[in-house]
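Take a look at the structure set out below.
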Amino acid sequence: MSYLKVEVKVGLKEGITDPEGLNIKKSLKLLGFESIENIEVKRSYVIELSGKDEKQIKENVEMMCKKLLVNPVIHDYKVEMIK
Amino acid sequence: MLFGIIWGDYLDRSDIKVCVLRIEGTNNEEEMYNAFKRLGTSPEIVHLKELKDIFDYNCLMIPGGFSAGDYVRAGAIFASRIRAKMANELHKFIDEGWPVGGICNGFQVLVELGLLPGFKRMDYPNACLFLNNSARFECRPTLLKHESKGKCIFTRNIPKGEIMMVPSAHGEGKLLLPKEKDFDKLFENDQVVFRYVDKKGEYAEYPWNPNDSAYNIAGICNEAGNVFGMMPHPERAYFDRNKNGISGMKIFESVLKYIEEK
């Protein structure tokens with residue numbers, strides 16, 4: 001059975017303060033990585049779906065984002081096929 | 001005669017069925033159950049999988065905890081499972097004026113369901129309870145000022161302007177809305193129910209506001225006033241009377257009074 005892999009990358013919209021990123025930056029600086037300017041934390045979902053129709057699969061994944069994976073108030077996201 | 005009246009009232013109360021809904025990871029169902037049980041109602045702790053019909057109940061409460069391990073986002077999985085099981089029934093339940101409340105993680109679930117602030121009916125959230133600015137779990141007593149002018153059915157027994165101590169315990173409680181004008185709408189609609197204050201009763205920054213929520217908002221209701229969510233835990237301060245005699249019990253009394261009069 002054929003299947004396709006899709007990656008969904010979810011990050012914060014511009015202007016949303018990211019306390020997690022700031023905390024990681026602080027910890028890395030304490031470890032001596034002084035050159036860090038900024039850290040963005042993103043979440044990646046790799047989803048395997050059965051089917052061949054890329055367009056339909058992408059639409060399907062978009063719906064998954066809207067229904068669960070993303071909160072449109074804070075998140076931007078990108079859907080990419082993994083070849 | 002007096003006995004008869006009291007007995008009569010008691011019987012009415014015991015007919016009120018409250019559904020304390022849980023899934024894996026909720027952990028405040030016992031406190032929520034006890035809060036309603038102590039007031040003479042018939043609450044039940046019901047797992048979402050075992051819920052037959054929401055209309056078997058007069059009130060739906062979603063307790064705090066870490067439902068589904070807070071995976072994806074706090075409350076997101078619980079919300080999606082409720083949506084999959086009973087989206088239409090829940091909307092009908094709310095439209096008929098039955099109360100729906102969420103405390104802490106329950107508030108996050110109601111926000112993820114799009115029911116709060118609920119300006120219009122949507123299948124996705126139009127608000128977010130995001131990570132506390134401190135980036136850590138804030139667990140301590142917080143002071144709340146009651147702001148509702150009477151719309152919220154969960155706080156009608158509490159006079160406007162009263163301050164109560166209610167413990168907070170959350171990592172994601174900062175209320176965000178898509179646009180600044182959405183906050184104006186919240187205030188105009190009398191949907192802001194509780195705001196964090198300091199011991200002088202003034203709106204103050206962290207640590208008084210544990211999550212740096214905009215306008216110090218700690219709890220909101222929908223436009224009709226029958227869906228309510230708050231981050232702090234009134235069920236954990238059930239007997240803790242403040243100087244003004246107000247304890248967490250008032251919230252549960254308020255909603256029961258509404259159901260009795262409905």
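Read-outs: derived from the displayed coordinates by stated rules, not from any lab. The structure presented is a predicted model; accordingly, all values stated were derived computationally and were not measured. No Cβ is skipped: glycine too gets one built from the backbone with ideal geometry, and neighbour counts run over all protein chains shown.
Tell me, Kirkwood radius of chain B from alpha-carbon pair distances, in Å? Let's see the in-between values first.
On the way: mean 1/r = 0.0551 Å⁻¹.
After inverting the mean inverse Cα-Cα distance, the result is 18.1 Å.
Quick check on chain B: of the DSSP beta bridges with both residues there, what percent are antiparallel, nearest 5%? If you can, show how the numbers build up before the last one.
On the way: 23 of 39 bridges.
That works out to approximately 60 percent antiparallel.
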Q. If you take every DSSP beta bridge whose two residues both sit in the protein assembly as shown, what share of them, in percent to the nearest 5, is antiparallel?
A. 70
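For every helix of n ≥ 4 consecutive DSSP H residues, a contribution of -39,500 (n - 2.57) applies; sum these over chain B, divide by its total residues, and give [θ] at 222 nm rounded to the nearest 500 deg cm²/dmol. Mind dumping the intermediate values first?
Values: 6 runs with 73 residues, N = 262.
Helix contribution divided over all residues of chain B: -8500 deg cm²/dmol.
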Q. What is the range B:2-261's relative contact order, in percent, from Cα pairs under 8 angstrom and six or more apart in sequence?
A. 19
Q. Got a sec? Which residues in the range B:119-157 would a label at B:Lys243 touch, if it sits 7 Å along Cα→Cβ and we count backbone N under 18 Å?
A. B:142-146
(Q) Using a 10 Å cut-off around each Cβ of peptide A:16-24, what is the average number of partner chain Cβ atoms that fall inside? (A) 4
Q) Hey, how many Å between the Cα centroid of the range B:88-128 and the Cα centroid of the range A:1-72? A) 26
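Work out the mean other chain Cβ neighbour count within 10 Å for the residues of B:135-145 and drop it here as an integer.
On the way: counts 9, 2, 0, 0, 0, 0, 0, 0, 0, 0, 0.
Partner-chain Cβ atoms within 10 Å, mean over residues of B:135-145: 1.
Could you grab the relative contact order for the range B:170-220? Cα pairs under 8 Å, six or more apart, rounded to a whole percent. Each step should come with its number before you reach the end.
Working: 56 pairs, mean separation 22.8, N = 51.
Once normalised by length, the contact order is 45 percent.
Cross-chain or 8 or more residues apart, Cα under 12 Å: how many lysine pairs in the range B:122-262 fit that? Count them up, please. Kindly include the intermediate steps, with their values, before the conclusion.
Working: B:Lys145/B:Lys160; B:Lys145/B:Lys199; B:Lys145/B:Lys200; B:Lys149/B:Lys160; B:Lys151/B:Lys160.
Eligible lysine pairs with Cα atoms under 12 Å apart amount to 5.
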Q | Label-point separation, A:Gln56 to B:Glu30 (7 Å along Cα→Cβ), nm | A | 5.1
Q: Count neighbours as other Cβ atoms within 10 Å of each site's Cβ, and list the GluC sites (Glu not before Pro) in chain A that are DSSP loop with at most 11 such neighbours.
A: A:Glu14, A:Glu34, A:Glu37, A:Glu40
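If packing is taken as the average count of other Cβ atoms within 10 Å, what order do B:243-253, B:84-94 fall into, highest mean first?
Descending packing order for the listed peptides: B:243-253, B:84-94.
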Q) Once the Cβ-Cβ distance between A:Ile16 and B:Glu188 is put in as r, and R0 is 30 Å, what FRET efficiency do you end up with, to the nearest 0.05? A) 0.75
Q) Which Cys residues of the protein assembly as shown have no other Cys Cβ less than 4.7 Å away and so no disulfide-compatible partner by this rule? A) A:Cys65, B:Cys19, B:Cys59, B:Cys104, B:Cys128, B:Cys139
(Q) Between B:Lys179 and B:Arg121, what's the calculated FRET efficiency when r is the beta-carbon distance and R0 is 22 Å? Round to 0.05. (A) 0.75
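Averaged across B:172-182, how many Cβ atoms of other chains sit within 10 Å of each residue's Cβ atom? Intermediate results must be reported in sequence, preceding the final value.
Working: counts 1, 0, 2, 0, 5, 1, 4, 1, 0, 0, 1.
Mean inter-chain Cβ contacts per residue within 10 Å come to 1.
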Q. Using alpha carbons only, how many degrees (0 to 90, rounded to 10) separate the axis of helix A:19-30 from the longest principal axis of chain A?
A. 50
Q) Which of B:Tyr196, B:Asn216, B:His233 sits farthest toward the positive end of the charge dipole of the range B:185-259, with +1 on the Cβ of Lys and Arg and -1 on the Cβ of Asp and Glu? A) B:His233
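Per the helix-only calculation at 222 nm, which mean residue ellipticity applies to chain A, given -39500 (n - 2.57) for every DSSP H run of n ≥ 4 and division by its residues, nearest 500 deg cm²/dmol?
Values: 2 runs with 23 residues, N = 83.
Rounded to the nearest 500, it is -8500 deg cm²/dmol.
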Q: Step through the residues of the range A:55-60 one at a time and calculate ³J(HN,Hα) from phi using the Karplus curve (6.51 cos²θ - 1.76 cosθ + 1.60, θ = phi - 60°), rounding each to whole Hz and writing x for Gly and Pro.
A: 4, 5, 5, 4, 4, 4
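Could you order peptides B:125-132, B:20-27 by the average number of other Cβ atoms within 10 Å of their residues, highest first? Spell out each step's value before the answer.
Details: B:125-132: 24.6, B:20-27: 20.6.
Result, highest mean Cβ count within 10 Å first: B:125-132, B:20-27.
For the ranges B:154-166, B:42-54, B:218-230, what's the packing order if you count other beta-carbon atoms within 10 Å of each residue, average per peptide, and put the highest first? Mind dumping the intermediate values first?
Numbers: B:154-166: 19.0, B:42-54: 14.8, B:218-230: 25.5.
Final packing ranking: B:218-230, B:154-166, B:42-54.
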(Q) Test of understanding: extend the Cα→C-beta vector of B:Phe137 to 7 Å, then name every residue of the range B:10-33 with backbone N under 14 Å from that spot. (A) B:25-28
Q: Once you've got the GNM for chain A with C-alpha springs shorter than 10 Å, pick whichever of A:Val41, A:Val61, A:Val70 has the biggest mean-square fluctuation.
A: A:Val41
Q) Using a basic spin-label model with each label point 7 Å from the Cα along Cα→Cβ, how many nm lie between A:Lys42 and B:Ala214? A) 2.6
